[in-house]
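S.K.: Here it is, the structure, as structure tokens.
Since every read-out is calculated from the coordinates, none of them should be taken as a lab result. These numbers were taken from a predicted model, which means no experiment stands behind them. Here the Cβ is made from the backbone with ideal geometry for all residues, glycine too, and neighbour counts use every protein chain on show.
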Amino acid sequence: MTGTPLAEPRLDGPAVTETTEYGVALPDVAEVGGRFISRGQLAAQAMYWLAWLAFSRRAILSSGVQREILALGVGAVRLVVSASFLVGLIATFQIAYQLASFSAESMSGTAIGWFTARELAPLVVALLVVARSAAAIAGELASMNANGEIDALRVMGLDPVKYLVTPKVAALLVVLPFLTVLANAGIVAGGWVGNVIFLGFNTSYFLEQFRNAYELRDLFVGLAKSLLFGFVLGVIAADEGLSVHRRFAEIGQAATRSVVYSLIGVLGADTIVNVVFYFIPTFA
Amino acid sequence: MPDALAVEGLTGPAGGPIVFDVSLTVPNGASHLVLGPIHSGKSMVMRHIVGLEVAESGTIEVDGERFDARGEPEVVTRRMRTRIGVVFEGSALISRIGIVENVELPLLEHTDASPEEARSAARELLVEVGMNADEDVVPERLPRGARRRVALARALALRPAVLLLDEPTLGLDAHTAAELDDTIVRIQESRGFGVLIFSHEVRHAFGRVQEISVMEEGRIVAQGTRDALDASRHPVVERLLHRRGRR
């Protein structure tokens, strides 16, 4: 007695975007739609569990958040400080070069004050965290999926979003504003070095120019943006990791996609915020 | 007294079945082995039993409560899962947290235990399966056999009616595998749950299982006690059991 021939092996999970030698191939419209829906669902679940976490005394989730803060935040401090210092230096030279034709190089301290808190610091931090951690988040979740760890959680009646995604997103919401404050300091320090040491302005003049342009309100707007960026990159990276279904070969592809789509997500969110602030100035 | 587990007419997954008309029972305190070559559909049967796959047809009865294998509301599926303990192939422990945390996770989620009570219960479970519970090391620092024991402790945390073991001794040396078998039998005798083993390793058929289902290409081709299967002339049974069984 022999059994009925087997159906073709079923492919688990959603269609996979092909990763080319040069990066990620463009997905088709249906796939983009499906991806938006799955990310929207994940974002809604993450927000629910973040609210739950804020009021919960369950130590096991809190300890997960602490672990993620150490991994995602503390480890990024040196990178953020050094990179933001260089960004401050680069911005100073670029601004001074552009203003030279108007004999207005002395305004470079003012320009640093204009852009740092609201735009440069949160964006630089988000891009650095994407580069450093998005692939790690996606890779870790993808590897857990391939190992059956996520199935094991489901079988125990444990929600993977609650236990795996929420601690990472919560940690990013804590870490990104903290790193943004550091980046503010780093960029201003780079601007000071550029203005004082290379352009020859004195420190008190630089600080006066900077103080005239830098407003505390800008710092709060930048911190609010960093929260948005942290949420966006956390959800996108986690979604890419969770979309891998029991296939080890997809782990690397998921990590690559997470970096690409997190970058696009952060830049897209920043664009929307800037457009809103431009056309509805009361929000700014 | 109801069976610990009864699967009736299971065909699935929906849309592209891989397993067809699978029926089996696991009485309380008894062990049932699902034996078959790799890719014969054993793991797919297990995934259906725990609700990780949606079936085209069939029912799953756990400890007297019947569930539709075509899908139940999330809250019903969660209730069913608390009555089933699973040790996955490769253990599937959560790699980022320690072994004690792994075992206490279901206790914290599904019981009213305080964190201290859950931790204490998790340590007791680890000791029961023969582990040193003093060090909360991450799973990757343990040998394969020890990881399997931690997964067993986690599966037993909610006092399940039935324990599913997917390739429980795969990759273990003969001595470690025999020790793990003895541990499972000892705990089963003291707690009285049913055990359903999915394996391609014929050695389990010569252990303390009361019933064997032989699978091939998604179907059960022979089912019964060891003695009953000895009389079977099915080529898969011949290949798997008779040839190995000769002494």
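S.K.: Write out the GluC sites (Glu not before Pro) in region B:57-166 meeting two conditions: DSSP loop, and at most 12 other Cβ atoms within 10 Å of their Cβ.
M.R.: Listed in order of number, the matching sites are B:135.
S.K.: Among bridges DSSP assigns within chain B, what percent are antiparallel (round to 5)?
M.R.: 55 percent
S.K.: Relative contact order for region B:60-130: what percent, with Cα pairs under 8 Å and sequence separation of 6 or more?
M.R.: Relative CO of region B:60-130 lands at 21 percent.
S.K.: Pop a pseudo-label 7 angstrom from the Cα along the beta-carbon direction at both residue A:282 and residue A:198 and give the gap in nm to one decimal.
M.R.: Taking the two extended label points, one gets 4.3 nm.
S.K.: How much of the DSSP bridge set in the protein assembly as shown is antiparallel, in percent, rounded to the nearest 5?
M.R.: 55 percent
S.K.: Okay, moving on. Just to be sure I understand the rule: take each whole DSSP H helix in chain A, project its Cα atoms onto its long axis, keep it if the span is 27 Å or more and its mean Kyte-Doolittle hydropathy is at least -0.5. Which ones pass?
M.R.: A:29-55, A:77-100, A:166-193, A:216-242, A:251-279
S.K.: From the gyration tensor of the Cα coordinates in the protein assembly as shown, what semi-axes in whole Å does the equivalent ellipsoid have, largest first, with each one equal to sqrt(5λ)?
M.R.: 57, 24, 19
S.K.: Could you list A:137, A:264, A:95 so that the one with the fewest beta carbons within 10 Å of its beta carbon is first and the one with the most is last?
M.R.: The fewest-first ordering by Cβ neighbours comes to A:264, A:95, A:137.
S.K.: If I take every Cα pair under 8 Å that is 6 or more residues apart in chain A, average their sequence separation and divide by the length, what percent do I get for the relative contact order?
M.R.: Once divided by the residue count of chain A, the mean separation gives 29 percent.
S.K.: If I stretch the segment between residue B:227 and residue B:191 completely, what's the gain in nm (0.36 nm per residue apart, minus their alpha carbon distance), one decimal?
M.R.: Stretched out fully, the residue B:227 to residue B:191 stretch lengthens by 10.3 nm.
S.K.: Looking at the square roots a ≥ b ≥ c of the eigenvalues of the Cα gyration tensor of chain A, which shape do they give, rounded for a/c under 1.5, prolate if a/b is larger than b/c, or oblate?
M.R.: Note, shape of chain A comes out prolate.
S.K.: While we're on this one: So how do A:207-218, B:30-41 stack up, highest first, on mean other-Cβ count within 10 Å?
M.R.: So the order, starting with the most tightly packed, is B:30-41, A:207-218.
S.K.: Could I ask something else about it? Straight-line reach only, C-alpha to C-alpha below 15 angstrom: list the aspartates and glutamates that residue A:162 could link to, leaving out same-chain residues fewer than 8 apart.
M.R.: Answer for residue A:162, where 15 Å is the Cα cut-off: A:68, A:149, A:151, A:239, B:109, listed by chain and number.
S.K.: Would you order B:23, A:204 from fewest to most other beta-carbon atoms within 10 Å of each residue's own beta-carbon?
M.R.: Lowest to highest Cβ neighbour count: A:204, B:23.
S.K.: Return the average number of partner chain Cβ atoms within 10 angstrom of each residue Cβ along peptide B:217-223.
M.R.: Average neighbour count from other chains, rounded to a whole number: 3.
S.K.: Separation between the residue A:189 and residue B:59 pseudo-spin-labels, each 7 Å from Cα along Cα→Cβ, expressed in nm?
M.R.: In this crude spin-label approximation the distance works out to 7.1 nm.
S.K.: Gap in Å between the Cα centre of region B:116-153 and the Cα centre of region B:35-53?
M.R.: Their Cα centres are 27 Å away from one another.
S.K.: Round to the nearest 0.05 the FRET efficiency obtained for residue B:14 and residue A:90 when R0 = 56 Å and r is the Cβ-Cβ distance.
M.R.: It comes out at approximately 0.50.
S.K.: Also, quick follow-up: Other chains near B:88-100: what is the mean number of their Cβ atoms within 10 Å of each residue's Cβ?
M.R.: The shielding value for this peptide is 5.
S.K.: Could you give the alpha-carbon Rg of region B:70-165 over 2.2 N^0.38 Å, rounded to two decimals?
M.R.: Dividing the Cα radius of gyration by 2.2 N^0.38 Å gives 1.06.
S.K.: Moving on. Please give the Cα centre distance for region A:120-189 versus region A:209-284, rounded to the nearest Å.
M.R.: Value for the Cα centre distance between the two parts: 12 Å.
S.K.: To continue, here is another question. Assuming a ≥ b ≥ c are the square roots of the Cα gyration tensor eigenvalues, decide whether chain B counts as rounded (a/c under 1.5), prolate (otherwise, with a/b larger than b/c) or oblate.
M.R.: Note, shape of chain B comes out oblate.
S.K.: Given the DSSP H assignment, sum -39500 (n - 2.57) over each helix run of at least 4 residues in chain A and divide by its residue total; what's the result at 222 nm in deg cm²/dmol, nearest 500?
M.R.: -23500 deg cm²/dmol
S.K.: Per residue of A:155-165, count partner chain C-beta atoms within 10 Å of its C-beta, then hand back the mean as an integer.
M.R.: Mean inter-chain Cβ contacts per residue within 10 Å come to 6.
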